[in-house]
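Please read the structure below before turning to the comments.
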Amino acid sequence: MPSTKKLNLLVVAFACVGVIPFACKKTTTASCDATRSLHAQSKFSIGVAIQLGQYENNLDYARLADQQFNSFTPENAFKAENLHPIENVFEWTEADRLISIALRNNKTVHGHTLIWHQQNPAWLSSFQGDAEAWEALFKNHIQTIVTHFKGKVKAWDVVNEAFNEDGTLRNSIWKEKIGPTYIEKAFRYAQAADPQAVLFYNDFNLESNPLKRKQVLTYLNQLRNRGVKISGIGLQMHVSLQYPEPTQIAAAFKEVFNQDYQVHVSELDISVNLLGNNNNPDAAVFEAQADCLGKIVTLYKQIPQQYQYGITFWGISDNDSWIPAYFNRQDYPLLFDKNYQPKPAYCKLIELL
Ligand code: XIL
């Protein structure tokens, strides 16, 4: 258990970055069943991060994936360590299975992600080569993957998480080996391989950190001015009951679409146990979570339609969320509970779409 002092410090830390807890009042959302379909109800796409193993082995998971969502983002299958595990070997088997499941069920596929500093294969960090060899590797990695999925993957997170919180470029193997122009090059290579693909820059905290957002927008605008195609921005939105404020989210959506970028809420989950001190949240907490989701979706609906790429949830049920394992805490951030039953957040969402 964290001490009270530690908790106070954490709260102060949030307040320091202008974070005030949501005023989440209890709502009267009636419980609902999941016989209806989120995506059928929605004017914009409702996506979900998909784990192939769960889809193939868990009937509840597969049923909800098929029924509720119309866009699949492979949660890990398209990351470099999985698609490109050995220097000259691409491994397509699982990714292709996922694609055929998606297409058979009339889902669009959102490709996540071509260039990132995480989940890269081990061989990459030990690759020996001069600047030309690195450039060839980089180009080949992007273009082999985009070409393989051409016509099947609608959109790509071309570059993921390239900026620090202060808006400077993050150090990564790509920045180090290709140079600071790697983002521009990544978009150009992806576009050349599939001119029809919708191309996104994706990052976290863009909704809560105005400085980072401003720097990212300034940077992407410069690339656009040089003729680079960037269709939209993915705001991951791993948010929590504590922050950000709806006003911050509203400002973020507005800034992004005002500068002519499609808005993808790309990895939405709402943590209810950010500080790790509430392992067994009560009903009021889940009502508050529903209320928070309601605010986010209401703001998203105010975005002009041509800029609404869609909202993607980072998993189906609390059983499948990345948060407990990654952050080593209990959490319940998704639409369905561990038994694949709808939570108040689901009921709120279907009511609002
Ligand atoms: C996460 C996956 O959900 C986990 O299964 C994996 O262990 C780590 O990566 N931002 C991203 C996603 O862009 O790719 C991350 O996904 C979550 C944070």
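No lab work stands behind these numbers, since they all come straight from the coordinates. All values derive from a computational prediction rather than experimental measurement. Note that each Cβ is placed from the backbone with ideal geometry, even for glycine, and that neighbours are counted across all protein chains shown.
Within the straight-line cut-off of under 15 Å between alpha carbons, the aspartates and glutamates reachable from Lys152 are Glu94, Asp96, Asp194, sequence neighbours fewer than 8 places apart in one chain being disregarded. The chain gives an Rg/Rh value of 0.96, both radii derived from C-alpha positions and Rh following Kirkwood. Taking the Cα atoms only, what angle lies between the long axis of helix 210-225 and the longest principal axis of the chain, rounded to 10 degrees? On a 0 to 90 degree scale, this one is about 30. Counting only aspartates and glutamates at least 8 places from Lys295 when in the same chain, those with an alpha carbon closer than 12 Å to its own are Glu245. Ordering Val109, Gln215, Ser37 by the projection of their Cα atoms onto the charge dipole of the chain, which places +1 on the Cβ of Lys and Arg and -1 on the Cβ of Asp and Glu, puts Gln215 at the extreme positive end. Over the chain, what is the relative contact order in percent, taking alpha-carbon pairs closer than 8 angstrom and at least six residues apart? After rounding, I find 20 percent.
Computed over region 192-259, the Cα gyration tensor eigenvalues convert (square root of 5λ each) into semi-axes of 25, 13, 9 Å, ordered from largest to smallest. Under the combined filter of DSSP loop state and at most 14 neighbouring Cβ atoms within 10 Å, region 220-251 retains these trypsin sites (Lys or Arg not before Pro): Arg226.
Lysines within cross-link reach of Lys175: Cα-Cα under 24 Å, excluding same-chain residues under 8 positions apart? List returned: Lys79, Lys139, Lys185, Lys212, Lys214, Lys229. Shown for Leu353, Leu103: other C-beta atoms within 10 Å of each C-beta, ranked fewest to most, produce the order Leu103, Leu353. Could you give the angle, 0 to 90 degrees to the nearest 10, between helix 182-193's Cα long axis and the longest principal axis of the Cα atoms of the chain? With rounding to tens, the tilt is 80 degrees.
Fewest Cβ neighbours within 10 Å first, please rank Phe69, Phe253, Phe127 accordingly.
Fewest to most other Cβ atoms nearby, the residues stand as Phe127, Phe253, Phe69.
In degrees, nearest 10, range 0 to 90: what is the angle between the Cα axis of helix 131-148 and the longest Cα principal axis of the chain? On a 0 to 90 degree scale, this one is about 60. Each of Phe327, Phe163, Phe72, Phe138 has some number of other Cβ atoms within 10 Å of its Cβ, and from fewest to most they run Phe327, Phe138, Phe163, Phe72.
The charge dipole of region 48-91, taken about the Cα centre with unit charges on the Cβ atoms of Lys, Arg (+1) and Asp, Glu (-1), comes to about 140 debye, rounded to the nearest 20.
This model, with +1 at the C-beta of Lys and Arg and -1 at the C-beta of Asp and Glu, gives region 22-352 a dipole about its Cα centre of some 940 debye.
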